[in-house]
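The values are calculated or read from the model by the stated rules, or taken from the named source; none is laboratory data. Worth saying up front: this structure is predicted, and the values here are computed from it rather than measured. When we count neighbours, we look across all protein chains shown, and the Cβ atoms used for this are built from the backbone with ideal geometry, even at glycine.
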């Protein structure tokens, strides 16, 4: 029997597992995916996430994956560009690694800390003792039954979290989503800043990422998503140019190196992130519009919050007190971003 089972091993899950393993707990990570693998993502690790990567001793590993350190950020609203609206402190900056790179790095770091990983496992149900969750049940890729028990089950399995559904975790403070579109990876799209632009109901952004490529996304309102149908290349370039003519010139000269990845709007929300024997972290517990670029950073922050709460609960502190404090702190730190994205 393990102390903790973490279902989902991407950013929030792997970080939570690593922190708990470093605190001396027996941790099992279960994931349907095999790493490295990709997932739809906004890529950017903002300053808060960078600070945590440094504190965790992982920042040099991230920079060693051939991803650039990007000190600049440009926000464009209509015709007005605002370079570095937060100031020109050279210590401030971001990194935007591919998820194939970042998730594998974090999973490996969790394993090095003592966590165990089992890939190709799909969770179908929770094991319960009375009203308390005491484990998970599912199947592996060979359709063999899997049952694992633990004192705590953590759902880090994304916005459509199986753990959230099985526990009946309530949603609250739901906010409408707005934009849908596509992103792809380009060479020759040379920017020295993270770019984010809004104009005429359109939006776009650019993140310099691994191997001298730039992730460029472009979107419209959800009602206009069908405009992309049949000619994603041209519509994507048109949206970028409408939103920011300077970036539009770059996209015309750039060469696409990947397929397009679609992203669709969905409401932002909080979920109640804990109950008897279970907790939620990352997008499983709190989701905001991805255009904010806060997804990875918030996942790191909440991983630390929930790992600390679980650690002290497993060491004898009151479960509801510890996890209730996690929920309160998560909501306090997240509400402004959730409201601004709606």
Filter result (surrounded by fewer than 19 Cβ atoms within 10 Å (Cβ to Cβ), touching a helix residue (DSSP H, G or I) at 6+ places or on another chain (Cβ under 7 Å) and more than 29 Å from residue 148 (Cβ to Cβ)) within segment 31-60:
48, 59
Among 115, 150, which is over 30 Å from residue 246 (Cβ atoms), out of contact with any helix residue (DSSP H, G or I) (no Cβ under 8 Å at 6 or more places or on another chain), in contact (Cβ under 8 Å) with a residue 24 or more places away in the chain and not assigned by TED's automatic domain parsing to the domain that holds residue 241?
150
How about segment 212-233: which of its residues are at pLDDT below 95 and in a helix (DSSP H, G or I)?
222, 223, 224, 225, 226, 227, 228
So which helices (runs of 4 or more DSSP H) stay within segment 239-342 end to end and still have 2 or more residues that are outside the structural domain of residue 210 (by TED's automatic domain parsing) and modelled with pLDDT under 95?
295-314, 319-340
If the requirement is being touching a strand residue (DSSP E or B) at 6+ places or on another chain (Cβ under 9 Å), without any contact (Cβ under 8 Å) to a residue 60 or more places away in the chain and not assigned by TED's automatic domain parsing to the domain that holds residue 140, which of these qualifies: 53, 63?
63
Specify which of the listed residues (135, 131) is modelled with pLDDT under 95 and assigned by TED's automatic domain parsing to the domain that holds residue 298.
131
Would you confirm whether any residue within segment 90-106 is without any contact (Cβ under 8 Å) to a residue 12 or more places away in the chain and surrounded by 14 or more Cβ atoms within 10 Å (Cβ to Cβ)?
no
Going by what's in this entry, would residue 156 be described as within 26 Å of residue 82 (Cβ to Cβ) and touching a strand residue (DSSP E or B) at 6+ places or on another chain (Cβ under 9 Å)?
no
